[in-house]
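Notes for the one structure printed next.
Computed from the coordinates by the stated procedures, all read-outs in this text should not be read as laboratory data. Just so we're clear, the structure is a prediction, and the values are computed from it rather than from any experiment. Note: ideal-geometry Cβ built from the backbone for every residue, glycine included; neighbour counts use all protein chains shown.
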Amino acid sequence: MKDGPDIARIGALIGDPARANILGALMSGKALTATELATEAGITGQTASSHLKKLMEGGLLTQAKQGRHRYFTLAGPEVGTTLEAIMGLAARKGHLRTRTGPKDPAMRAARVCYDHLAGDMAVRIFDSLQARGFIQVSSDKGGIGLTTAGENFVTDFGIDLDRLTAGRRPLCRACLDWSERRHHLAGSLGAALLDRFQEQSWLRREKDSRVVHISAQGSNELKKLFPLD
């Protein structure tokens, strides 16, 4: 491809196993130090520094200094959405890691995808919103739009839509869920919903993990709020 975006460069950055592990660790949405990322990737600190520099130069990571430490995060939600989509493609094509463990079912049930909810419950939420006419695919824009009924629904749930729409980030995005292989809701609304669920104490984040634990009450409330026929 001689013209257009250079996908080869992005592919090369993501394709290195150590860098892929670094990016995967940052999918939790938490800022991590170079030492923590080196541990996640199974590499030395010096090697991690080299990889982090390349990822920053490629626009995939940002850093912030606090005291003696530098903290790294994904450069934005679009990076997290892209990584989740690649995970979905890898899963569909059978490119799965052989590593298994007790967290696997929990990861599939509910997890954080950068700053929004992913997994079985997230797919249920997306399906419910779509079935009830709260979101729809915009044929002219090729994206996901919130309908008037959907605006009323999320406002009644306590979400400030004016604040979300005032930002530069898309309100709604369909993110391909790697474990369910169907879509869940991303964008500023997806992030706001996750925050609201946590405010309601319906779920909690597992420390140092992408896993989200939904309480029995939370599961009941979410199923009532997002019913499926």
### Task
Return one number: the angle in degrees, 0 to 90 and rounded to the nearest 10, between the long axis of the Cα atoms of helix 77-92 and the longest principal axis of the Cα atoms of the chain.
90 degrees
### Task
Would you mind checking which residues have amide H under 5 Å from I144's amide H? H placed 1.01 Å from N; only 5 or more apart, or other chain.
S138, A174
#### Entry: With Cα atoms, 0 to 90° folded angle of helix 120-131 axis to the chain main axis
40 degrees
### Percent of Cα-Cα distances greater than 16 Å, calculated over the range 98-219
61 percent
### Summary
Calculated from DSSP helices alone, with each H run of at least 4 adding -39500 (n - 2.57) and the total divided by the residues of the chain, [θ]222 nm to the nearest 500 comes to -14500 deg cm²/dmol
### Query
At each listed q (0.10, 0.18 Å⁻¹), what is the log10 of I(q)/I(0) that the Debye formula gives for the chain modelled as equal alpha-carbon point scatterers?
-0.49, -1.43
### Summary
Under 5 Å from the placed amide H of L117, counting only residues 5+ away or on other chains, we find L194
### Task
Pop a pseudo-label 7 angstrom from the Cα along the beta-carbon direction at both T39 and A85 and give the gap in nm to one decimal.
3.3 nm
### Query
Hey, with R₀ at 22 Å, roughly what FRET efficiency would R204 and K54 work out to, going by the Cβ-Cβ distance, to 0.05?
0.05
#### Entry: Amide H contacts under 5 Å for L171, placed H, 5+ residues apart
S188
### Query
So which trypsin sites (Lys or Arg not before Pro) in the range 176-229 are both in a DSSP loop and have at most 15 other Cβ atoms within 10 Å of their Cβ?
R181, R182, K207
### Query
Along the charge dipole of the chain, which of A34, H184, G11 sits closest to the positive end, that is, farthest toward it, with unit charges on the beta carbon of Lys, Arg, Asp and Glu (+1, +1, -1, -1)?
A34
### Message
Could you identify which residue out of P77, P170, P105 has the top mean-square fluctuation in a GNM of the chain using Cα springs shorter than 10 Å?
### Response
P105
### Query
Dividing the convex hull volume of the Cα atoms of the range 172-229 by its residue count, what figure in Å³ per residue is obtained?
109 Å³
